[in-house]
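Structure, as structure tokens:
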Amino acid sequence: MPGLISPQTVESVQNSSDIIAIIGEYTKLERRSGNDWWGCCPFHNEKTASFHVDGDKKFYYCFGCHAGGDVIKFVMEMEKISYTDAIRFLAKRAGIEVQYTGGEIPEHSHDDDLRDQYIDLYERTASLFHYLLTQTDGGKSALSYITGRGLTMETINKFKLGYAPSDRRWLKNFLRKKNFSNEFLNNSGLFSKKYPDSAFFSDRLMFPIFNRRGQCVALGGRILKGDGPKYLNSGDLIQYKKGETLYAFNFAKNTIREQKKVIFCEGYMDCIAYHQCGITYAVAPLGTALTENQLKIVHGFADTVLLSFDSDGAGQNATMRAIIMCRTQGFTVKIIRLSGGKDPAEIMVNFGAETLTNEVNNAIFDSDFLLSKLGEEYAVDTPEGKTKASLAFFPYVDSLQSDIQRESCLEQLCQAFNLKPEAVKKDFDNRDQARERLKNRQLTPTDKQNVEIKLNAELRSVLAVIADLNQYKVMRAELTVDDFQDPVAKKLFIILEDCFREQCVSVSSILNHCDDAEIERMITRVISSGEFSQNSNLIIEDSIQLIKRNSLERKREKVMNRIRLFNPMTPSDQQQLNELLAEKMNLDSRLKQ
């Protein structure tokens with residue numbers, strides 16, 4: 001049949017491909033005897049190696065999930081590509097020219113060629129931006145900014161950081177002179193869809209995004225001055241899918257493989273700061289929450305995940321989601337608590353690499369983190385608070401992979417909140433019914449299906465922001481999600497933050513993120529009525545002050561409850577009590593202001 005890859009090409013690819021080297025890029029393999037290699041299967045979660053690769057016969061087989069085949073099948077499964085695409089992938093790696101029967105090249109191979117052409121374009125563009133940053137007068141301001149953030153020239157060169165010029169027409173003109181066609185450039189993602197001669201990135205510090213082989217496939221840019229989104233990132237492209245790529249994985253994969261652990265952090269700068277401080281197993285999601293596909297990239301390399309997200313409300317919610325996702329996929333999870341600054345880059349500048357390394361070494365297990373957070377979030381000195389905290393902890397217990405882990409964590413829960421094991425076990429075994437009972441107690445007995453949302457001060461403030469979205473930056477600078485008590489207000493604040501991080505703060509985006517029809521109706525009614533069309537800034541300012549004060553009072557009451565219940569027995573206990581007393585004094589002082 002015309003257009004098929006020739007049998008000779010397939011045979012050459014199979015004979016020339018080093019199956020040990022190729023599979024070794026996805027999971028750590030160890031030689032047991034001769035050319036027999038074993039490792040943890042990259043296709044399913046496992047702790048004990050049951051994945052066998054025969055280097056002489058050039059095949060693999062997993063005794064756990066029964067996946068098996070040759071090197072072509074492996075690449076198909078790992079890269080999620082077709083048979084012919086896998087052969088082309090391996091042929092290019094081995095330097096083999098792909099021949100087709102009948103001499104005809106099938107249509108889909110043009111997609112592969114186009115993908116390679118766009119990788120070449122992004123590689124050239126990243127090199128160009130790097131040159132502009134490091135070698136020209138135009139990049140001096142950006143270079144001064146990034147060195148002021150503590151990055152060395154060695155790091156800047158390693159990550160190939162760059163500068164996109166402020167003249168939006170410059171890049172198109174430059175690339176046209178290099179014989180790139182208008183049509184090719186217009187579809188590259190480097191230029192505005194509405195104004196195709198205008199560069200997507202301008203006057204920004206540029207962060208090349210590399211695939212696992214170290215090729216630049218996309219770009220991120222940080223604003224240096226003026227208005228606009230703090231970060232702009234490439235959207236999905238033929239050569240790049242953000243939900244399936246990890247920033248800096250090309251630099252980190254060898255250390256991840258050696259140390260069997262990986263740090264997931266918030267963004268470009270945090271990740272680079274870790275690497276500069278010698279912690280070279282850090283990676284970052286790309287403008288999205290951590291995805292299952294991104295976790296699969298490190299599966300087979302790492303046993304332990306360390307989470308290093310921001311300490312604000314959105315960062316903590318991202319941590320909560322990531323914990324469950326990681327545990328479901330069989331990882332051990334620890335949380336890095338950054339006490340010396342708000343992010344790794346700030347700690348690196350203010351305190352140095354040793355402090356950041358200590359923070360990583362002192363990471364706590366996720367169960368300890370969750371129980372501490374729940375103890376702060378709920379009034380666990382009351383029966384209802386203990387019930388809420390326990391029910392919030394149960395999804396984590398559900399995500400654990402063994403009965404021993406689950407039993408151990410339920411014991412931790414009992415110790416943390418002074419609960420009887422029999423009662424906790426009973427509620428855990430009947431957790432759906434327990435949640436329903438708690439929900440019913442919180443609803444009015446007359447109409448549980450149509451509970452009216454009360455427009456309290458917290459909710460009014462968030463609605464006023466939705467009516468005037470320019471005010472969100474004001475609210476965001478003053479409040480975190482933990483300052484809200486009303487569940488609807490808290491939910492809307494989280495939605496606003498998610499939209500802000502996705503750089504799409506609009507009413508339609510907020511409604512798309514909302515999964516409650518009653519809240520959607522409330523938002524549309526408020527916007528349509530013009531209820532907050534006048535003096536929204538005054539409403540928001542007054543509400544912020546009230547919310548901050550109420551939040552401080554709640555925090556003080558929780559600290560007081562912990563002090564009342566505290567019974568110091570050891571010097572360490574006394575130290576904790578002293579810290580609680582100092583925290584109370586700080587809150588008292590802030591309330592008097």
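The values are calculated or read from the model by the stated rules, or taken from the named source; none is laboratory data. Note that the structure is predicted; figures quoted are calculated from it, not measured. Virtual Cβ from ideal backbone geometry, glycine too; neighbours counted across all protein chains shown. Heads up: the accessible areas ignore ligands, DNA and RNA and are worked out on the full protein's heavy atoms, side chains in. Shrake-Rupley method; radii C 1.70, N 1.55, O 1.52, S 1.80 Å.
Table for the structure above
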read-out	value
Loop-located trypsin sites (Lys or Arg not before Pro) in the stretch 1-67, at most 11 other Cβ atoms within 10 Å (DSSP)	Lys47, Lys57
Solvent-accessible ranking of Asp482, Asp270, largest area first, probe 1.4 Å	Asp482, Asp270
Heavy-atom accessible surface of the stretch 246-404: percent carbon and sulfur, 1.4 Å	48
Percentage of interatomic Cα-Cα distances in the stretch 314-374 larger than 17 Å	45
Surface accessible to a 1.4 Å probe, Lys261 within the full protein complex, Å²	60
The stretch 344-405 versus the stretch 484-510: alpha-carbon centroid distance in Å	24
Signed unit charges on C-beta, dipole axis of the chain, positive-most listed residue Phe301, Phe51, Gln485	Gln485
Carbon plus sulfur fraction of accessible area for the stretch 1-74, probe 1.4 Å, in percent	52
Percent RCO, i.e. relative contact order, over the chain, from Cα pairs under 8 Å lying at least 6 residues apart	8
Fraction of accessible area attributable to carbon and sulfur, the stretch 201-242 (%, probe 1.4 Å)	48
Mean accessible surface per residue for the chain, computed with a 1.4 Å probe while every protein chain stays in place, in Å²	51
Pairwise label distance in nanometres, Tyr83 with Thr524, each label 7 Å out on the Cα-Cβ vector	5.0
Amide H within-cut-off set for Ile263, under 5 Å, with H built and near neighbours excluded	Ala282, Val283, Leu306
Neighbourhood net charge (13 Å Cβ-Cβ; Lys/Arg +1, Asp/Glu -1) for Lys261	+3
Sum of side-chain charges, Ser551 neighbourhood, beta-carbon under 13 Å (Lys, Arg +1; Asp, Glu -1)	-1
Efficiency of FRET between His513 and Lys177 - r from beta-carbon atoms, R0 56 angstrom, step 0.05	0.80
Residue-averaged 222 nm ellipticity for the chain, from DSSP H runs of 4+ at -39500 (n - 2.57), nearest 500	-17000 deg cm²/dmol
Cα shape, the stretch 132-262, gyration tensor, a/c 1.5 rule	oblate
The stretch 40-94, dipole about Cα centre (Lys/Arg Cβ +1, Asp/Glu Cβ -1), debye to the nearest 20	160
Rounded to the nearest 10 Å², the accessible area of Cys504 at probe 1.4 Å	60
Which of Phe331, Gln316, Ile347, positive extreme of dipole for the stretch 264-356 (C-beta unit charges)	Phe331
Charge dipole magnitude, Cβ of K and R +1, D and E -1 - the stretch 172-304, Cα centre, debye nearest 20	380
Net dipole in debye of the chain [+1 Lys, Arg Cβ; -1 Asp, Glu Cβ; about Cα centre; nearest 20]	840
Listed residues Tyr163, Asn586, Pro42: farthest to the positive end of the dipole of the chain (Cβ charges)	Asn586
Inter-probe distance in nm under a simple model that places probes 7 Å from Cα toward Cβ, at Glu531 and Gln99	7.5
Dimensionless Rg over Rh [the stretch 1-77; C-alpha; Kirkwood]	1.03
